[in-house]
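The values are calculated or read from the model by the stated rules, or taken from the named source; none is laboratory data. Model, not experiment: these values are computed from the prediction. FYI the Cβ positions are ideal-geometry reconstructions off the backbone, even for glycines, and counts take in every protein chain you see. Keep in mind that these areas ignore ligands, DNA and RNA; they rest on the heavy atoms of the full protein, side chains included. Shrake-Rupley method; radii C 1.70, N 1.55, O 1.52, S 1.80 Å.
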Amino acid sequence: MATAQQVPDILSPEFAENPYPAYRVMRESAPLIWHEATQSYIISRYEDVERAFKDKESVFTTDNYDWQIEPVHGKTILQLSGREHSVRRALVAPAFRGSDLQNKFQPVIERNSRELIDGFRHTGSVDLVESYATRFPVNVIADMLGLDKADHARFHGWYTAVIAFLGNLSGDAEVTAAGERTRIEFAEYMFPIIRERRENLGDDLLSTLCSAEVDGVRMSDEDIKAFCSLLLAAGGETTDKAIASIFANLLLHPDQLAAVREDRTLIDRAFAETLRYTPPVHMIMRQTAQDVELSGGTIPSGATVTCLIGAANRDGSRFRNPDTFDIFRDDLTTTTAFSAAADHLAFALGRHFCVGALLAKAEVETGVNQLLDAMPDLRLADGFDPVEQGVFTRGPQTLPVEFTPVTV
């Protein structure tokens, strides 16, 4: 087994600037690394990460979330297993698929996107990250839950602190403290709202969570608060970066942007390829319940495993020309790209597959459609080259574009 000294360190500035060369070295010559600083085993090959996510034998568990996410969210559905997990998932899942998503929340998605675009559609220039991507998914979630969108700044501050906590691989004490404060502040904000909503149920997602029952089990106030916290952080950060990345990728490949503009059914292909090529989340952790042998060696029981999604999604043994953005590739199945049978690993797989994948798909489809309609000759601002930032989550921090305003 290789050691961290033989490959670029995931905590180094060079890695943060561009992790993809390091991913290649890991896959080819060090597919299993013991990383002393994070006290974890790093895996990077598609077959190994896929196995960790799909595991049905409870070898790879989410016990690591007890220390990784519970301090900021409280105990969430991600930490549960067996019947407890299936019941909780059955309580929340209906809102994120089928008729509820289409009939109740699609209008919410469309309205929130349109409201943001109305703020800049006549200007001729905009930073798509600042004015749209960072606001759109959080506004949608707040609306879905029936929360006050005027509190957007607080929501954004909270989920930014949570994501920083989750990605705090170097153990910065201030980042840890800020994340833990968020749990207290969010609980103080949510508990009175949850209690009031239980007394006055409405047509929003929070009311659904308050009243949902499966096999005689209902969610407690703490369960609901933890799920809302998880939804804001996971749904906000990932969709934010996905929207920024899909536009960055298309703007850097004008022929593919032109194809999507001409045929909007290609948006799903562009989103699926973005999830593979530049996933919003680059690493997810698991914990082993017993010794397990992977392609690079053996991981002992009780170990933390850092699964490098960003590396696995560019594994040449799984995807042809993996370092090329190609929405027309034939080794990425679009029809399953937003399900637990996805080829890419951006939403994880198996029983802990992202419950909000179809919500993200609906947001991206709507957002890309409306933005292309409002900006028919969309182009990067003169001299600007999109740059990804981040290690745990990754995407453009800014994306200034120019366009000719459409006269209505």
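Within the stretch 387-399, being surrounded by fewer than 17 Cβ atoms within 10 Å (Cβ to Cβ) and in contact (Cβ under 8 Å) with a residue 12 or more places away in the chain holds for Q389, Q397, T398.
Looking for something of a type in the set (G, A, S) and open to solvent by 60 Å² or more (accessible area, probe 1.4 Å) - is there at least one such residue anywhere in the stretch 247-255? Even if it seems obvious, please write down each step before you answer.
Narrowing the stretch 247-255 to residues of a type in the set (G, A, S): 248.
After this cut, where a residue has to be open to solvent by 60 Å² or more (accessible area, probe 1.4 Å) as well, the list is none.
Within the stretch 247-255 (the criterion being of a type in the set (G, A, S) and open to solvent by 60 Å² or more (accessible area, probe 1.4 Å)), the answer is no, since none of the residues qualifies.
Within the stretch 346-375, residues that are among the β-branched types (V, I, T) sit with their Cβ atoms under 6 Å from residues that are open to solvent by 20 Å² or more (accessible area, probe 1.4 Å), at 6+ positions apart or across chains, in these pairs: T366/E110.
Here is a yes/no grid of residues against (1) open to solvent by less than 10 Å² (accessible area, probe 1.4 Å); (2) at pLDDT 95 or above:
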| residue | (1), (2) |
| --- | --- |
| R276 | yes, yes |
| A289 | no, no |
| S295 | no, no |
| T304 | no, no |
| G310 | yes, yes |
| N321 | no, yes |
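Within the stretch 195-217, one or more residues are outside any helix (DSSP H, G or I), at pLDDT 90 or above, over 18 Å from W158 (Cα atoms) and touching a Cys at 6+ places or on another chain (Cβ under 9 Å). Going through A346, A357, A342 one at a time, which residue ends up being in contact with a strand residue (DSSP E or B) (Cβ under 9 Å, 6 or more places away or on another chain) and not polar (S, T, N, Q)? Exactly one of A346, A357, A342 is in contact with a strand residue (DSSP E or B) (Cβ under 9 Å, 6 or more places away or on another chain) and not polar (S, T, N, Q), namely A346.
Pick from G179, G235: which is under 27 Å from I42 (Cα atoms), in a helix (DSSP H, G or I), open to solvent by 10 Å² or more (accessible area, probe 1.4 Å) and out of contact with any Lys or Arg (no Cβ under 7 Å at 6 or more places or on another chain)? Step through it out loud before you land on a result.
On the way: G179 fails: open to solvent by 10 Å² or more (accessible area, probe 1.4 Å).
From the options G179, G235, the qualifying one is G235.
Exactly one residue out of I243, I193 is in contact (Cβ under 8 Å) with a residue 60 or more places away in the chain, open to solvent by less than 50 Å² (accessible area, probe 1.4 Å) and more than 21 Å from I69 (Cα to Cα): that is I243. Number of residues in the stretch 22-58 that are open to solvent by 10 Å² or more (accessible area, probe 1.4 Å) and either without any contact (Cβ under 8 Å) to a residue 12 or more places away in the chain or assigned to a loop (DSSP other than H, G, I, E, B) (or both): the value is 11. Counting the residues of the stretch 351-379 that are closer than 30 Å to I284 by Cα and open to solvent by 30 Å² or more (accessible area, probe 1.4 Å) gives 6.
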